[in-house]
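Contents: one structure, followed by commentary.
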Amino acid sequence: MNRLLIVGPPGAGKGTQAVKIAEALKIPAISTGDIFRKNIKEETELGKEAKSYIDSGNLVPDSVTNNMVRARLEESDVVNGFLLDGYPRNELDSILEAKGEKIDRVLLLVADNDELVERLLNRAAEQGRTDDNEEVIRHRLKVYEEETAPLIAIYRERGIVKEVNGLGEIAEVTERILDALK
């Protein structure tokens with residue numbers, strides 16, 4: 001079974017690689033951003049609740065996000081597995097345990113912070129994102145490390161983490177990930 005989680009710092013290429021790996025393994029790539037947009041667009045109860053937080057300038061609480069992920073993992077296309085992009089939350093285990101399932105592998109994209117800062121600054125310039133300056137990017141990297149490291153440690157204890165260098169050409173990184181899954 002391929003129940004996979006891909007994690008890594010901002011700019012490591014999680015979204016790009018999630019799509020490539022999911023295509024190669026013929027499983028759906030699931031990102032929380034996509035789940036949010038779909039629920040809001042379809043005006044589901046969870047979508048309406050999330051939109052009320054977003055519209056008021058607040059972060060959507062984990063409870064709403066968790067309920068959206070739980071609902072998404074009940075859909076029929078995940079029966080043969082999935083690749084969940086960037087959702088390393090404690091609640092994931094309980095969501096899957098309720099279905100008698102567990103994460104099989106955690107793909108951890110690793111990259112040098114200075115390289116990531118440069119990559120994100122270039123992306124910000126290309127996309128005209130003035131809010132992404134070096135200070136903001138370094139803060140996001142610090143928050144990622146603080147919030148994600150403890151969860152990665154839990155997955156490491158289970159022996160399911162595969163570290164992959166996230167730097168290089170997209171195809172090279174994809175190949176490294178597929179090799180790590182063999």
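The values are calculated or read from the model by the stated rules, or taken from the named source; none is laboratory data. What you are looking at is a predicted structure, and each value in this text was computed from that prediction instead of being measured. Note that each Cβ is placed from the backbone with ideal geometry, even for glycine, and that neighbours are counted across all protein chains shown. Remember, those area values only see protein heavy atoms, side chains included, never the ligands or the DNA or RNA. Shrake-Rupley method; radii C 1.70, N 1.55, O 1.52, S 1.80 Å.
Per-residue answers, yes or no, for (1) open to solvent by 60 Å² or more (accessible area, probe 1.4 Å); (2) in contact with a Ser or Thr (Cβ under 9 Å, 6 or more places away or on another chain):
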| site | (1), (2) |
| --- | --- |
| 65 | no, yes |
| 80 | yes, no |
| 90 | yes, no |
| 93 | no, no |
| 100 | yes, no |
| 103 | no, no |
| 106 | no, no |
| 109 | no, no |
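Taking the criterion of being open to solvent by 90 Å² or more (accessible area, probe 1.4 Å), of a type outside the set (S, T, N, Q) and under 19 Å from residue 16 (Cα atoms), the only residue of region 124-146 that qualifies is 126. Region 67-182 holds helices (runs of 4 or more DSSP H) entirely within its bounds, and those carrying 1 or more residues that are of a type in the set (Lys, Arg) map to 113-127, 134-158, 170-181. For region 147-157, residues that are loosely packed, with under 13 Cβ neighbours inside 10 Å and modelled with pLDDT under 95 total 4. Scan region 149-156 and tell me whether some residue there is charged (D, E, K, R) and either over 30 Å from residue 182 (Cβ atoms) or touching a residue at least 12 places away in the same chain (Cβ under 8 Å) (or both). For region 149-156, residues charged (D, E, K, R) and either over 30 Å from residue 182 (Cβ atoms) or touching a residue at least 12 places away in the same chain (Cβ under 8 Å) (or both): absent.
Scanning region 29-39 for residues that are of a type outside the set (S, T, N, Q) and in contact with a strand residue (DSSP E or B) (Cβ under 6 Å, 6 or more places away or on another chain), we see that the one that is most open to solvent (accessible area, probe 1.4 Å) is 29.
Going by what's in this entry, would residue 121 be described as at pLDDT below 95, under 18 Å from the mean Cα position of the chain (by Cα) and surrounded by 12 or more Cβ atoms within 10 Å (Cβ to Cβ)? So residue 121 fails the test. Against the conditions (1) more than 14 Å from the chain's Cα centre (by Cα); (2) closer than 21 Å to residue 1 by Cβ, where does residue 42 fall short? Just the number, please. Of (1) more than 14 Å from the chain's Cα centre (by Cα); (2) closer than 21 Å to residue 1 by Cβ, only one is false for residue 42: (2).
Table: residues versus (1) within 30 Å of residue 114 (Cα to Cα); (2) open to solvent by 70 Å² or more (accessible area, probe 1.4 Å).
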position	(1), (2)
14	yes, no
27	no, no
41	no, yes
46	no, no
53	no, yes
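Every test in (1) more than 30 Å from residue 133 (Cβ to Cβ); (2) in contact with a Leu (Cβ under 9 Å, 6 or more places away or on another chain); (3) touching a residue at least 40 places away in the same chain (Cβ under 8 Å) is passed by residue 71 save one, and that test is (3).
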